[in-house]
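Structure first, commentary second.
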Amino acid sequence: MSANETLPAPALKRKLGTSGIEVSTIAWGMWRLAENGRTAADAAKLVHAALDAGMNFLDTADIYGFNGEGGFGDAEALLGKVLAVEPGLRGRMVLASKGGIMPPLPYDQSAGYLASAIDASLKRLRTETIDLYQIHRPDILAHPQEVARTLDDAVKAGKIRTLGVSNFTIHQVAALNQFLGNKLVATQPEISPLRITCFENGELDQAMMMGLIPLAWSPLGGGRLANLESERDKAVAAELDRVAGAQGVSRTVAAYSWLMAHPAGIIPIVGSQQPDRIAEAADAYKVRWSRQDWYAVLVSARGERLP
Ligand code: NAP
């Protein structure tokens, strides 16, 4: 392949391990769902926007909205209200959630706590099962064998269907997966054109080796790609803009597509809570990257040439 030939187009769908559960390769995230006094009716509009744009993979966590009115679980509870009004939506989505962080304690994956966290998520979400349950951040004080046992029990009870992790090092992924008998299907690190560590630290190589789907959290750097702060941000944005301009899409869409061009099949989790921006994300399937342009973004993020 020459430097200007385009990289392969991303798949439209992927399966979560051997579960048969099919997910869209762009996901929508609900970290910010319970902000700004959003009502269930407004939240429903966002869920519809994601589903209508072809995104069936919806990501939340028990801790999202912990600083809101309910003190904990507000984002899950709001989605639960949406599902109570329109139960038919549940069947249209692959629902991912996370647990294992309990403020004010930083992380807790002890058997008792984790099992109760799964039950509490189900209750708030008003659903019988969570399709992908992710350990949000590793609890250094929990033995991975104990965590695996709790997760296995919840799978056997039908409370959760598939398993993932987030913010785990490659060794933490390997340890938990060993005790789970290789049942992990997904990993969720922070990845964006502004956060490129996992392109070179082995996390994505491990995901490809183990067949894990890498979900990219904060794919726009938490919005920084739209509101540039540093000289580095500007340099990365300039490279994205070159491709975005040539292919008639926005910079943010170019950023999603840049992640999706990676051979690990990265699934960006769109974080916007605006229907038009959620819908626009689907344009990422239209963008094709040349090897030259892809590396130009990486080099601008590195701030130095490749060796
Ligand atoms: P992001 O896409 O990097 O940032 C989204 C933010 O950028 C929103 O506040 C959005 O505001 C803003 N934004 C400004 N201009 C935009 C534009 N043109 N297009 C789109 N967004 C624009 O993602 P994120 O919200 O930080 O994270 C995405 C998801 O990742 C979360 O919902 C959550 O599911 C997951 N996450 C996971 C972890 C973890 O530890 N596992 C941590 C953080 C996030 P508007 O809403 O006004 O558009």
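The values are calculated or read from the model by the stated rules, or taken from the named source; none is laboratory data. Owing to the predicted nature of the structure, the values given are computational and were not obtained by experimental measurement. Cβ: placed from backbone, ideal geometry, glycine included. Neighbour counts: every protein chain shown. These accessible areas exclude ligands, DNA and RNA; they are computed on the full protein's heavy atoms, side chains included. Shrake-Rupley method; radii C 1.70, N 1.55, O 1.52, S 1.80 Å.
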The stretch 230-307 and the stretch 120-164: distance between their alpha carbon centers, rounded to Å: 33 Å
Sulfur and carbon atoms: percent of accessible area, the stretch 118-180 [1.4 Å]: 52 percent
Calculated over the chain: convex hull of Cα atoms, volume per residue (Å³): 133 Å³
Cα gyration tensor, the stretch 118-226 - rounded (a/c under 1.5), prolate or oblate: oblate
The stretch 1-96: C-alpha pair distances exceeding 22 Å, %: 37 percent
Choice from LEU163, LEU12, LEU114 showing the highest fluctuation, given a GNM over the chain with Cα pairs closer than 10 Å: LEU12
DSSP beta bridge pairing in the chain, given as percent antiparallel to the nearest 5: 20 percent
Cα-projected label distance for ARG232 with ASP152, points at 7 Å along beta-carbon direction, nm: 4.2 nm
Among ALA61, ALA157, ALA120, residue whose mean-square fluctuation peaks in a GNM of the chain (springs only between Cα atoms under 10 Å): ALA157
Per-residue ³J(HN,Hα) for the stretch 216-229, Karplus 6.51 cos²θ - 1.76 cosθ + 1.60, θ = phi - 60°, Hz, x for Gly and Pro: 8, 8, 6, x, 9, x, x, x, 5, 5, 8, 10, 5, 10
Longest segment of the chain lacking GluC sites (Glu not before Pro) that sit in a DSSP loop with at most 15 other Cβ atoms within 10 Å: 129-228
Pairs of Lys in the stretch 107-258 closer than 23 Å at Cα, counting only those 8 or more apart or on different chains: 4
Helix-only mean residue ellipticity at 222 nm for the chain, each DSSP H run of n ≥ 4 adding -39500 (n - 2.57), per residue, nearest 500: -12000 deg cm²/dmol
Max mean-square fluctuation residue, GNM over the chain, Cα-Cα springs under 10 Å, options ASN36, ASN182, ASN167: ASN36
Accessible area per residue, Å², the chain with all protein chains present, probe 1.4 Å: 44 Å²
Heavy atoms of ARG137 accessible to a 1.4 Å probe, total area in Å² rounded to 10: 80 Å²
Cα gyration tensor shape for the stretch 168-269, rounded if a/c is under 1.5, else prolate or oblate: prolate
Long-range HN-HN contacts of LEU132 with modeled amide H, under 5 Å: LEU95, ALA96, SER97, ARG161, THR162
Cα coordinate range in the stretch 25-71, projected on the principal axes (Å, largest first): 32, 20, 11
Cα-centred dipole magnitude for the chain, charges only on beta-carbon of K, R (+1) and D, E (-1), debye, nearest 20: 460 debye
Among ALA117, GLY88, TRP217 - extreme Cα towards positive end, dipole of the chain, charges at beta-carbon: GLY88
Portion, in percent, of the accessible area of the stretch 2-46 that falls on carbon or sulfur, probe 1.4 Å: 53 percent
Accessible surface of the stretch 193-307, 1.4 Å probe, proportion on carbon and sulfur as whole %: 50 percent
